[in-house]
1. Here are A105, A61, A124, A119: which of them is more than 20 Å from S38 (Cα to Cα) and either of a type in the set (A, V, I, L, M, F, W, C) or modelled with pLDDT under 65 (or both)?
2. If you scan the range 13-54, which residues turn out to be touching an Asp or Glu at 6+ places or on another chain (Cβ under 9 Å), of a type in the set (S, T, Y) and open to solvent by less than 50 Å² (accessible area, probe 1.4 Å)?
3. If you scan the range 56-77, which residues turn out to be surrounded by 19 or more Cβ atoms within 10 Å (Cβ to Cβ) and without any contact (Cβ under 8 Å) to a residue 60 or more places away in the chain?
Amino acid sequence: MGPGNAATGTVRLRPGYWCECWTETVRGGTEGPVLVASFDAYTASQADRWVSVTLRVISPALDADASDAAWTWLYDDRIETRRALLRREPCTVTIRHSNTRITWAIRPVLHLPLAHSEAATHPASAIQQRSTATPAADSTPHRTPRVSS
């Protein structure tokens, strides 16, 4: 049954964040956004750090403008993202490298714990990609911290 009370069948939902990274060809692309990574974070710090680590890793491969935008978010705008997450507001961070827009979308969720959460015990469909939908346009907060180049 997972964390909770097995006698009553209740399960405690745990607040957290669902994080996704999407890429999209900006000019001349025929396909829509493509989900390239997802992550379930249990704290605002974990969600924020996922974007931060990813930007630090890819920044050397970005063009100069995108790299500058990434470092501006890391040093100047990251605090706004963290504050929004602590208020449980969804956030996006976007950079543009050459002809590609990369967007990290983070939204608050309630995690439902799974009993005996091992890959071998789940059906194949539960192990596959968790999300195939594009980020919802209405998932951005009033003041969304964004980085663009």
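The values are calculated or read from the model by the stated rules, or taken from the named source; none is laboratory data. The model shown is predicted, which means the values in this text are computed figures rather than measured ones. Ideal geometry is used to build each Cβ from the backbone, glycine not excepted, and the neighbour counts take in all protein chains shown. Please note that ligands, DNA and RNA were not included when accessible areas were found on the heavy atoms of the full protein model with its side chains. Shrake-Rupley method; radii C 1.70, N 1.55, O 1.52, S 1.80 Å.
1. It is A61.
2. Correct list: Y17 only.
3. Scanning the range 56-77 gives a single hit, L62.
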